[in-house]
Amino acid sequence: MHYLKKGYHPNGLVRTGVSVTLEHAYDDWTVALAANKSGDINVKNEFLKRGQYFENVWDTNTKFFRAKLNNGKFREPFDPRAYHREDFHDRDYTEGNAWQYLWFVPHDVYGLADMMGGKKAMADKLDQLFTLPYLGESTVGDVSGLIGDYAHGNEPCHHVGYLYNYVGQPWKTQKLIHQIDKEFYKAAPDGYIGNEDAGQMSAWYVFSAMGFYPVNPAGGIYVFGSPLLEEVQMNLENGNKFTIKANNISKENIYIQSVKLNGKPYKNVWIKHGDIVSGGTLEYNMGSKPSKWGAKTKPVPYADGTVQLND
């Protein structure tokens, strides 16, 4: 009821109001996606509007998503690196802090970039996230696997390394994904950090080892990273086969130099779900130095032929 009347979950009335608002905004966007498919335009428009409710907890001064009280004011004091405390009235974020939840707008990444001041500002903010000084291990159990304030041990961060693709710096994604793959996944009984939580830690690794990841899980698009495997073959449910090859891959050759899809040059930093299920071959050509390949790619779209928020 608070969410529908105010457009956000008030801190003090709802536990972890910031993260719940962000998550509900994404959930509402997915309802709009389904309504668009079914042709219910009224529901689509209503839930598209609610999908933008993340804007209601955005602080233009600090440029973070912040806890907002029932009276419409932001809760003070504010420290973007502070984790929630256990008091019901004093929990802004679920298992995280403002830096880690800053990026949770997977359905409108470009809208988030605009709020930050544009793609360059977003790229600079990403750089800052991954280079913040180490403050010691968090008392929040799942917040682990830190690179700056990026926490790979917890799901809210899992798409963040891929966001450099949206701001024209795909080589930074490639370096980060390779680093995460190698540092936080080991062939041992305790081989990965964090909490497996319904298989998400493993799912991230499987996707990333193939070279891509669904930043927006309902978007129908997989965004490129840095593959680990020389060759993968998917035997698809419809009987088709999709093969992924990483030519010249090695410990040093972690950067994508070029890509081919079904033998033809491919310039986008993503692949559509439809292209995979149609069957075929995706080839990465890898090298040891960062490449400008993909830097001028057109904006990463959402589900093909469905709701488009930033045409």
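The values are calculated or read from the model by the stated rules, or taken from the named source; none is laboratory data. Because the structure is predicted, anything quoted here is derived from the model rather than measured. Don't worry about glycine lacking a Cβ; one is built from the backbone with ideal geometry, like all the others, and counts go over all protein chains shown. All accessible areas refer to the heavy atoms of the entire protein, side chains included, with ligands and DNA or RNA removed. Shrake-Rupley method; radii C 1.70, N 1.55, O 1.52, S 1.80 Å.
Just a few scattered comments:
- Count of the stretch 249-264 residues which are out of contact with any Gly (no Cβ under 6 Å at 6 or more places or on another chain), open to solvent by 40 Å² or more (accessible area, probe 1.4 Å) and part of a loop (DSSP other than H, G, I, E, B): 4
- Of the residues making up the stretch 168-196, those that are among the aliphatic types (A, V, I, L, M) and free of Cβ contacts under 8 Å to residues at least 12 places away in the same chain are 187, 188.
- Taking the stretch 84-198 and the helices (runs of 4 or more DSSP H) fully enclosed by it, the elements with 1 or more residues that are touching a helix residue (DSSP H, G or I) at 6+ places or on another chain (Cβ under 6 Å) and β-branched (Val, Ile, Thr) are at 109-116, 170-184.
- Test: residue in the stretch 186-201 that is under 18 Å from the mean Cα position of the chain (by Cα), buried (at least 20 other Cβ atoms within 10 Å of the Cβ) and more than 26 Å from residue 118 (Cβ to Cβ): yes
- All conditions in (1) in contact with a helix residue (DSSP H, G or I) (Cβ under 7 Å, 6 or more places away or on another chain); (2) within 30 Å of residue 143 (Cβ to Cβ) hold for residue 242, with the sole exception of (2).
- Residues that are over 30 Å from residue 136 (Cα atoms) and either open to solvent by less than 40 Å² (accessible area, probe 1.4 Å) or out of contact with any Pro (no Cβ under 6 Å at 6 or more places or on another chain) (or both) occur in the stretch 73-83; there is at least one.
- Unique residue being closer than 21 Å to residue 130 by Cα, at pLDDT 95 or above, more than 12 Å from the chain's Cα centre (by Cα) and open to solvent by 10 Å² or more (accessible area, probe 1.4 Å) when the list is 213, 205: 205
- Residue among 292, 296, 267, 241 that alone is open to solvent by 80 Å² or more (accessible area, probe 1.4 Å), over 16 Å from residue 178 (Cβ atoms), modelled with pLDDT of 95 or more and of a type in the set (D, E, K, R): 241
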